[in-house]
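Structure first, commentary second.
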Amino acid sequence: MADLHLSLDRQAGGLARQVAGELREAVRTGRLPAGTRLPASRDLARDLAVSRGVVVEAYEQLVAEGFLESRIGAGTTVAAVAIEEPVSPADASGDFGGRPTSPDLGAFPRQAWSASYRHVLATLPNDALDYGDPGGVPELRGELAAYLRRVRAARAEPENVVVVTGVAQGLSLVVQALGPLRLATELPTSERQTPLLRRAGAELVGIPVDDEGIDVAELARSGARGVLLTPAHHYPTGVVLSPRRRAELISWAARTGATILEDDYDAEFRFDREPVGCLQGLAPGRVVLAGSVSKALAPGLRLGWLVAPASLAAELRKFRGEFDLGSPVLDQYTLAHFIATGAYDRHLRRMRREYRARRDALVGALAERFPEVKVCGISAGLHLFAELPPEWDARAFAAEAVAAGLAAEPVDGPAVVIGFARWPGHRLAAAVREMRSP
Ligand SMILES: Cc1ncc(COP(=O)(O)O)c(C=O)c1O
């Protein structure tokens, strides 16, 4: 009999629908293979602390849909339905092991997303299928502005928002719009971003990060006219920019006329305390906020946003028009509907709980298996930063983690970034136990 892990959002109501949704997803993705015998409704109801009627209703629904079979004497079993072939991380990203910052792609809210998509297809006027505003359809810019004001304390109005395909494209557009400039980046930084920044015309200068975040005095000495940073959760160390440094940074930008590019890549996931508001909310005239759904939903959606001062936003919109005429409109309307109906918030609430449990499992397993390793940066995001003893080889340690099924990348130091979003806690812990000593 299958041991089932189903996560339910009790506040959201509709428990039978939620149980059915989780089971359907598990069958579709192959987590519950054909022939698997499900627990008796009474047992599952007890495990989930719901009434038996909830489980009976969910089972009946899935029998009707053909995902489950129910035979007298044999109980309820998983039917032989077409399984969506899981794309291996190697196929998806070209990187063996996947990115440590990627979310759990199996948790993508397929049902809720497809409900929004169907709603959009059924109601969208024909004219809306024409080339849209290259800066994004007004409905999405409106929803994003309201969402970012509410959740990130951003100073955003629809005219400040430019829809892009992700933080990556957003940064590239901003650097091109600013013209050739000396751009400071954090040291260490996400090495994946440096080629696109250079290609967009930036001359890069690395500024060290300590336990308060970027060293603003060093930044001031560097002669940079712009800085790209991850203040809510530094990538890769996880340091949060201290209030003192935030103030210093903003006064540096005001003094020099420099632009701050705020990469808010994983701000939705804060586990141990309230999120710090974004820098853009403190200095909307000097900061460009960049974010995307890559961590909250899936990187493959390629949906993101910039919030920029009005004149720069107008320029970015024009730029996007000249460059590729904007992002696909159906996806934009779908995201707008998904946010407006509360589905985005509900998904985030559910995933926050789940990722927190996964983080705790990974941290616990590492402490047990490798007590010499110092783990930091765990208050937010989807990855942790593991500082290794100086004599250890970060590449070998990361390769060992990847071989055990974890998403990991070495960083000079020596240190390793390890993602905890991809697997449930028990699988993360098992992977750590499998790793050989360095
Ligand atoms: C530091 C950092 N910023 C931004 C992103 C996301 O980029 P995008 O929104 O283009 O998917 C990532 C993705 O891994 C990242 O690690």
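The values are calculated or read from the model by the stated rules, or taken from the named source; none is laboratory data. For clarity, every value in this text was computed on a predicted model and none was experimentally measured. As a convention, Cβ positions derive from the backbone with ideal geometry for all residues, glycine included, and neighbour counts pool all protein chains shown. Areas reflect the complete protein model, heavy atoms only, side chains present, ligands, DNA and RNA absent. Shrake-Rupley method; radii C 1.70, N 1.55, O 1.52, S 1.80 Å.
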**Message:** Which one, Trp113, Trp423, Thr185, is farthest towards the positive end of the dipole of the chain when Lys and Arg carry +1 and Asp and Glu -1 on their Cβ?
**Reply:** Trp113
**Asked** Between the helical axis of 425-434 and the dominant principal axis of the chain, each derived from Cα atoms, what acute angle in degrees is found, rounded to the nearest 10?
**Response** 80
**Message:** Charges at C-beta only: +1 for Lys and Arg, -1 for Asp and Glu. How large is the resulting dipole of the chain about its Cα centre, in Debye rounded to 20?
**Reply:** 720
**DSSP beta bridge pairing in the chain, given as percent antiparallel to the nearest 5** = 60
**Message:** If I take R0 = 22 Å and measure r between the Cβ atoms of Glu372 and Ala399 in this structure, what FRET efficiency does the formula 1/(1 + (r/R0)^6) give, to the nearest 0.05?
**Reply:** 0.75
**Message:** Rounded to the nearest 5, what % of DSSP beta bridges with both residues in region 86-226 are antiparallel?
**Reply:** 20
**Request:** Could you rank the peptides 5-17, 122-134 by their average count of other C-beta atoms within 10 Å per residue, with the highest value first?
**Result:** 5-17, 122-134
**Prompt:** Given H placed 1.01 Å from N in the peptide plane, which residues other than close sequence neighbours of Val239 have an amide H under 5 Å from its amide H?
**Reply:** His234
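In percent, how large is the relative contact order of region 10-78, given Cα pairs closer than 8 Å and 6 or more residues apart?
Here the relative contact order equals 38 percent.
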**Item:** Protection-proxy order for peptides 384-392, 256-264, each taking the mean of Cβ atoms within 10 Å per residue, highest first
**Value:** 256-264, 384-392
**Request:** Return, ordered by residue number, the residues of region 341-364 whose backbone nitrogen is under 19 Å from a label point located 7 Å along Cα→Cβ of Arg150.
**Result:** 341-353
**Residue-span extension gain [Leu196 to Ser222] - 0.36 nm each, minus C-alpha spacing** = 7.3 nm
**Fill in**
From the Cα centre of region 366-424 to that of region 1-60, the distance in Å is 34
**Request:** Report the antiparallel proportion of the DSSP beta bridges in region 111-341 as a percent, rounded to a multiple of 5.
**Result:** 35
**Request:** Using only the alpha carbons, work out the radius of gyration and Dmax of region 322-407 in angstrom.
**Result:** 19.3, 55
**Gain upon complete extension [Ala79, Val205; 0.36 nm per residue less C-alpha separation]** = 39.6 nm
**Prompt:** Taking the convex hull of the alpha carbon atoms in region 234-285, what volume per residue do you get, in Å³?
**Reply:** 92
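Rounding to the nearest 20 debye, state how big the charge dipole of region 347-434 is about its Cα centre with +1 on each Lys and Arg Cβ and -1 on each Asp and Glu Cβ.
It works out to roughly 780 debye.
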**Prompt:** What trypsin sites (Lys or Arg not before Pro) in region 239-286 are in a loop by DSSP, with at most 10 other Cβ atoms within 10 Å of the Cβ?
**Reply:** Arg273
**Asked** What's the extension gain from Arg71 to Ala340 if we count 0.36 nm per residue and subtract their Cα-Cα distance?
**Response** 92.6 nm
**Request:** Please give the per residue accessible area of region 347-434, computed with a probe of 1.4 Å over protein heavy atoms only, in Å².
**Result:** 42
**Prompt:** Ignoring ligands, DNA and RNA, what percent of the 1.4 Å accessible area of the chain is carbon and sulfur?
**Reply:** 52
**³J(HN,Hα) computed for each position of region 57-72 - Karplus, 6.51 cos²θ - 1.76 cosθ + 1.60, integer Hz, glycine/proline x** = 4, 5, 4, 4, 4, 6, 5, 4, 7, x, 7, 10, 10, 10, 10, 4
**Request:** Go from 0 up to the bin containing the longest alpha carbon distance in the chain, width 20 Å each, and give me the % of pairs per bin.
**Result:** 24, 53, 21, 1
